[in-house]
1. Within straight cross-link reach of residue 10, meaning Cα distance under 25 Å, which lysines are found once same-chain residues fewer than 8 apart are removed?
2. What size of dipole, in debye to the nearest 20, comes out for the chain about its Cα centre when the only charges are +1 on Lys and Arg C-beta atoms and -1 on Asp and Glu C-beta atoms?
3. At a Förster radius of 45 Å, what calculated FRET efficiency corresponds to the Cβ-Cβ distance of residue 4 and residue 189, to the nearest 0.05?
4. If I model a spin label as a point 7 Å beyond the Cα along the Cα-Cβ vector, how far apart are those points for residue 179 and residue 159 in nm?
5. Once the whole set of protein chains is in place, how much accessible area is left on residue 164, using a 1.4 Å probe, in Å² to the nearest 10?
6. At what distance in angstrom do the alpha carbon centres of the range 1-19 and the range 117-192 lie from each other?
7. Shape verdict for the range 1-68, please, from the Cα gyration tensor: rounded (a/c under 1.5), prolate (a/b greater than b/c) or oblate.
8. Measuring from label point to label point, each 7 Å out along Cα→Cβ, what is the residue 80 to residue 38 span in nm?
Amino acid sequence: MNNYEKRTLKKKTAIIQAALSLFGKQGFSDVSIKDIASLAGVSQVSIYNYFGNKEALVAECAKVIMQDTISLAEEILVSEGTFTDKLARAIQLCHAEINVSLSKFISTEASKDSQFITLLVNNINKLKKDIYMEYVAAGKKAKVINNDISNDVIQLFIDAINGLGLTVPEEELEKKQAEIIHLFLYGLIGKA
């Protein structure tokens, strides 16, 4: 990596960390590009050049929040055990670990910003879908998942699972997620 690439990486990292800190404390609406640039010690132009807009910065923040979950999911995929057990562990991980990660980064104040939460959840769900589709590919390769079921249909089902957090009351979410996961793994008639 040459010096220009090192400086660019350093600036990008500073911008993402500043955005994560400010979004996590204040939400999306109350944070400006100017605020992020000031905290990161870069120009506003640098932010626009590297990321384009605040929405893209939320996507980068989602990657930071999901970093540990993605690593753990990759470890589970190559670990010992049946594919179904690994998939169940990965799905459980994605739900449990993300809640822990979010609580580390997002303040009560920021969680009240519905625009921020929607952007963040949508980006996290994209990353979760990527994890699940890696598992689907491995399951199809191992002939555990029926190859006749298209990836498009599986992605639609994953979108439905991921959308639960936006539609189901929080006090019912854990129970509903467990049922949906069971449905995902075993179908309507299958047994655990």
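The values are calculated or read from the model by the stated rules, or taken from the named source; none is laboratory data. Just so it is clear, the model here is predicted, and its values are computed rather than measured. Virtual Cβ from ideal backbone geometry, glycine too; neighbours counted across all protein chains shown. In case anyone asks, the SASA skips ligands and DNA or RNA and just uses the protein heavy atoms, side chains included. Shrake-Rupley method; radii C 1.70, N 1.55, O 1.52, S 1.80 Å.
1. 25, 34, 54, 63, 104
2. I would put it at about 600 debye.
3. Given R0 = 45 Å and the Cβ-Cβ separation, E is 0.15.
4. 2.3
5. Its heavy atoms expose roughly 20 Å² to the probe.
6. 35
7. Because a/c hits 1.5 or more and a/b fails to exceed b/c, the range 1-68 counts as oblate.
8. In this crude label model, residue 80 to residue 38 measures out at 5.6 nm.
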